[in-house]
Amino acid sequence: MTRISPSLWSTVREWLLGAVAVFGVLWTLLEPLGGFSVVDAHTSRTAMDYLALSLASLFCGAAVVALRTRRDPEGELRSILHHSRARFDVASFVSEAESRICVLGLSLPTFSTEQLAEVFRERLAARVTVRILFVNPMSPVLLQRPRRLYTGQLAPSAAAANTLATLRRFRLSLPAEHAEYLQFRVVNLLPVTGLVVRDQECIWNPYLLRYTGIRSPYMKEPTEGQGIGPELIQYFQDLWEGADTLAYQGTAAELRASVSSDPAVQGELPGPDSVTVERILGDTA
């Protein structure tokens, strides 16, 4: 089944409403159509129906104006900033994917990783490609996230390790013909945004200093046409191509070595955090 992209549907809707609005204005005000002249000459039910049609058409015109106010002077659809990504049901969003799912973040949310995995299982069975990109749990860049944000939660390095361990176990549980559609990699640098892509739509959130990703405001965008959507997809693709494939079976030592050999990363993960990562990964390598 072919899905009409949101941007195309919005354009078609505006053209249809615009055409009806133009008809309403012309019929109501101009001769020889003369909607009001019909009302003056007749008091029949038909005349009142015509007047009602004219008013409805003018209402459609107002709807077009309302839609147009969401566009900037260059005609690009403005983003609507939503309050918190915690209020967005990511599992339901990706459950409707028909061709691809892409996820970018520091890690998968620890409280919903298992739930997402079950959604992924259904989509993988339908031959939907799932790509997940997150931070190497051995990368010291995770220390740039303030610890106070994660009180009562796993530290960022532990959350990334938990994501990696969960995805490894999950991939092993899949039939071979489905496992090939599940791909995940790690990067050594912090992404500037969290991103979830479903086919030609995505939600994204900036990583702010005072907020965790799940508490950050988010936006929903089409991934094609004008706007920031295509740039987000290109950003994900660039990171993906340069990411490390050690995620599939690399040991904690190999993940650490990947960080050490990366000239863009300075320092290393402190001992206690490193030990926690090794414990979480355990024998999943």
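Since every read-out is calculated from the coordinates, none of them should be taken as a lab result. This one's a predicted model, so the numbers in the text were calculated from it and none came from an experiment. When we count neighbours, we look across all protein chains shown, and the Cβ atoms used for this are built from the backbone with ideal geometry, even at glycine.
See the values below:
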{"item": "Burial ranking of peptide ranges 228-235, 274-281 (average Cβ count within 10 Å, highest at the top)", "result": "274-281, 228-235"}
{"item": "Loop trypsin sites (Lys or Arg not before Pro), region 106-144 (other Cβ atoms within 10 Å of the site Cβ: 16 or fewer; DSSP)", "result": "R127"}
{"item": "Simple spin-label estimate for R127 and R169 in nanometres, 7 Å along Cα-Cβ", "result": "3.1 nm"}
{"item": "Gyration tensor over alpha-carbon atoms, region 193-244, equivalent ellipsoid semi-axes in Å", "result": "19, 16, 9"}
{"item": "Å³ per residue enclosed by the Cα convex hull of region 144-248", "result": "122 Å³"}
{"item": "Estimated FRET transfer efficiency when R0 is 22 angstrom, pair A91-Q153 (beta carbons, to 0.05)", "result": "0.70"}
{"item": "Two-site label geometry, Q237 and V275: point separation in nm, points 7 Å out along Cα→Cβ", "result": "4.5 nm"}
{"item": "Top positive-direction residue, dipole computed over region 132-285 with Cβ charges, set L142, A253, Q153", "result": "Q153"}
{"item": "Computed label-point distance, nm, for sites E268 and R210 using a 7 Å Cα→Cβ extension", "result": "3.7 nm"}
